[in-house]
1. If a residue must be modelled with pLDDT of 90 or more and in a loop (DSSP other than H, G, I, E, B), how many such residues does the range 271-293 contain?
2. Return yes or no: is Thr186 hydroxyl-bearing (Ser, Thr, Tyr), assigned to a helix (DSSP H, G or I), surrounded by 18 or more Cβ atoms within 10 Å (Cβ to Cβ) and not assigned by TED's automatic domain parsing to the domain that holds Thr248?
3. Read through the list (1) among the hydroxyl-bearing types (Ser, Thr, Tyr); (2) outside the structural domain of Thr238 (by TED's automatic domain parsing); (3) surrounded by 15 or more Cβ atoms within 10 Å (Cβ to Cβ); (4) in contact with a Phe, Trp or Tyr (Cβ under 9 Å, 6 or more places away or on another chain), then give the number of the only condition that Ser83 fails.
4. Need the failing condition index for Gly58 against (1) more than 26 Å from Gly176 (Cβ to Cβ); (2) in contact with an Asp or Glu (Cβ under 8 Å, 6 or more places away or on another chain); (3) of a type outside the set (A, V, I, L, M, F, W, C), just the number.
5. If I filter the range 343-355 for residues that are surrounded by 15 or more Cβ atoms within 10 Å (Cβ to Cβ) and out of contact with any helix residue (DSSP H, G or I) (no Cβ under 8 Å at 6 or more places or on another chain), do I get at least one hit?
6. If you take the residues in the range 356-391 that are of a type in the set (Gly, Ala, Ser) and touching a Leu at 6+ places or on another chain (Cβ under 9 Å), which one is surrounded by the most Cβ atoms within 10 Å (Cβ to Cβ)?
7. So which of Pro194, Pro268 is touching a residue at least 40 places away in the same chain (Cβ under 8 Å), in a loop (DSSP other than H, G, I, E, B) and in contact with a Phe, Trp or Tyr (Cβ under 6 Å, 6 or more places away or on another chain)?
8. Quick test for you: out of Asp169, Asp151, Asp237, pick the one residue that is of a type in the set (Asp, Glu), modelled with pLDDT of 90 or more and surrounded by fewer than 16 Cβ atoms within 10 Å (Cβ to Cβ).
Amino acid sequence: MNCAQTGAPRPAPRTCALEDDSRVVIVGGGPGGVACALMLQRLAAAASRRIHLTILEGKQFSGAFHHNLCSGVLTVSLPALLSDHLGIDFPTHLTNRSIVGYILHTPREQLVLDEQEPSVALRRVQFDDYMLECARARGVNVIRARVVDLDFHLDRVVVYSESSPLEADVVVGAFGMDEGTAAVFTRATGYRPPNALTSVVTRFHPGPEGMAAFGNRIHAYLGNYGTIEFGAVTPKDTHLTINIAGNTVTDEQMAAFLARPEVRSVLPGVNQATVSEPGPLRVFKGRFPCSLAGRYYGNRYVLVGDAAGLVRAFKGKGVSSAVLTGMRAAEAIFSAGVTEGAFAEHYERANRDITGDMIYGLGMRRLVSLATRLGLVDPVVRAARHNAALQEALFGAVSGHLPYRTVFGDMFRPASVGAILRSMLSV
């Protein structure tokens, strides 16, 4: 690529399109990184242009040596996104359960919220392995190594890794919430990682009969649980995935959550007369973003998915967002160029459906927190039993399927507010 351009923090031309033999290095081999690579490959093939694509991924997805904190429930739109835009089949052979809906719990109430079309539950590490193998099968160069530094030059980026250094015309950050890689981008570009919530996950194995008795709904929990903002029990193939999230949650909060009567009541085979945990408590801990990252693009670099904070601010749905933003980054790189101006004009604009909804997601998070402190969550759930708009709003809030702008609109309809007030007065 012939494009006079300074390092990431300094001004650069507004356009700089990829030419033949341009080089793209993608840091991270999860769904966002793979989607970016496959989209670039398809765009290049359609334009009869040759692009060299390399994915750097330090984890080994095959063999399930790494645990992914994602609950592994994918949106119904993802299969079409993969097949229509990336040309790969959705891995139906990895599906271990169809999720037909949610049961929303508060300390005193519960409400069934069923989906019109079932979602798919699978093991994220297996899905990530499938996606990365699709990229490798399509001829994308995949190197198992972590990035340790970046140097930006007038005409290229040097990517230093645990393997050999690579030169690229642009580097794509698809590293999720990996703090080590985030520090590398921060030093080199001024990137600021998004704010994040802490998530603690454990598993419960109730056996085949217990799994059959549990059913195909996710149990979601909102209520006054201290530092826990929300929790969920999700059925998988042979076990239940139990997760909690908040600003600061620990294994102790997980143990306390599991001791709650409304949680214990849904765990098959747990003796309700005791308060001991359902078996040895082995937990995994991680983070997921709840705000937009700072400087998530610039001259010769762009970030996607969790690394950019381009997810729904309250409930994530990180896989679909990663794939979508990876594709959008590819389109911006290929069609507009690799400068900060090109990304501002094309990539940032393409993601306004996500960024524009963030203020509503933050508002929903604060609204739930306030309602919890004021004891209003139970009346809202009671009111929703007889109000379709409230049911739709609660389903959108716990599932992440609807924009939070829509959720707010349903919540604050006059009929919805009236139903909540009547529920409060009827106690």
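1. 3
2. no
3. Of everything listed in (1) among the hydroxyl-bearing types (Ser, Thr, Tyr); (2) outside the structural domain of Thr238 (by TED's automatic domain parsing); (3) surrounded by 15 or more Cβ atoms within 10 Å (Cβ to Cβ); (4) in contact with a Phe, Trp or Tyr (Cβ under 9 Å, 6 or more places away or on another chain), Ser83 misses just condition (3).
4. (1)
5. Yes, the range 343-355 has at least one match.
6. Ala384
7. Checking each option against the conditions leaves just Pro268.
8. Answer to the check: Asp151.
The values are calculated or read from the model by the stated rules, or taken from the named source; none is laboratory data. Keep in mind that what you see is a predicted model, and the values were worked out from it rather than measured. Please note: Cβ atoms are built from the backbone with ideal geometry, for glycine as well, and neighbour counts cover all protein chains shown.
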